[in-house]
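Each value in this text was obtained by applying a stated rule to the coordinates, not by laboratory testing. All of these numbers come straight from a predicted model, not from anything done at the bench. Virtual Cβ from ideal backbone geometry, glycine too; neighbours counted across all protein chains shown.
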């Protein structure tokens, strides 16, 4: 368990980039994501004595970050998700045409996910993009595991339907190019 400010600084150093990435997926604005990341860590520091180590530290931090981001989204009454961490989007072995095609597919996917309802967006981000387990996702969302399973299936179905409306094949858009 982390007690002091110096030790909590290590927690911040270890997890801040991942928390920022998660929040950025929810708000799609770098400056806002940076502010909300800081706010999330302030909240975590202030309530660290409540962390009971039943869950993993990272899961607990994501839950705080989610609540902070959702509060912000509700206040702004608009929300957008950016569904992928782009750091691994391109490789040096890809041709310019392959990079362009992959970028177009990602854009199509972003737009389709942005059209989904909030629950579907969240579960897709947590389960399929951030790759949290069903148990971890349930903890973060304050849902039962069955609800995570069912909502994930419905979200994927809704995403397929949205892509089909746009004339895009689901497998085609999600393929690696």
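Could you work out how much longer the chain between residue 67 and residue 54 gets when fully extended? Use 0.36 nm per residue separation minus the Cα distance between them, nm to one decimal. Before the final figure, lay out each step's value.
On the way: separation 13, 0.36 × 13 = 4.68 nm, distance 1.88 nm.
Fully extending the segment from residue 67 to residue 54 adds 2.8 nm.
Report the calculated FRET efficiency for residue 111 and residue 16 (r = Cβ-Cβ distance, R0 = 25 Å), to the nearest 0.05. Don't skip to the end; give the middle numbers.
Details: r = 29 Å, r/R0 = 1.16.
With a Förster radius of 25 Å, E is 0.30.
Between residue 133 and residue 76, what length in nm is gained on full extension when 0.36 nm per residue of separation is reduced by their alpha carbon distance?
Details: separation 57, 0.36 × 57 = 20.52 nm, distance 2.96 nm.
Value of the extension gain: 17.6 nm.
Peptides 121-127, 139-145, 42-48: what's the order by average Cβ count within 10 Å, highest mean first?
Numbers: 121-127: 23.0, 139-145: 16.1, 42-48: 14.4.
Peptide ranking by packing, descending: 121-127, 139-145, 42-48.
For residue 35 and residue 145, compute 0.36 nm times the residue count separating them, minus their Cα-Cα distance, and round to one decimal in nm. Please report the intermediate quantities before stating the final value.
Numbers: separation 110, 0.36 × 110 = 39.60 nm, distance 3.08 nm.
Difference between extended and current length: 36.5 nm.
Can you give the FRET efficiency to the nearest 0.05 for residue 28 and residue 8, using r as the Cβ-Cβ distance and R₀ = 25 Å? Let's see the in-between values first.
Details: r = 28 Å, r/R0 = 1.13.
Efficiency at R0 = 25 Å is approximately 0.30.
If you count, for each residue, the other Cβ atoms within 10 Å and average over each peptide, how do 61-72, 10-21 line up from highest to lowest? Each step should come with its number before you reach the end.
Working: 61-72: 20.0, 10-21: 15.8.
Listed from highest to lowest mean packing, they are 61-72, 10-21.
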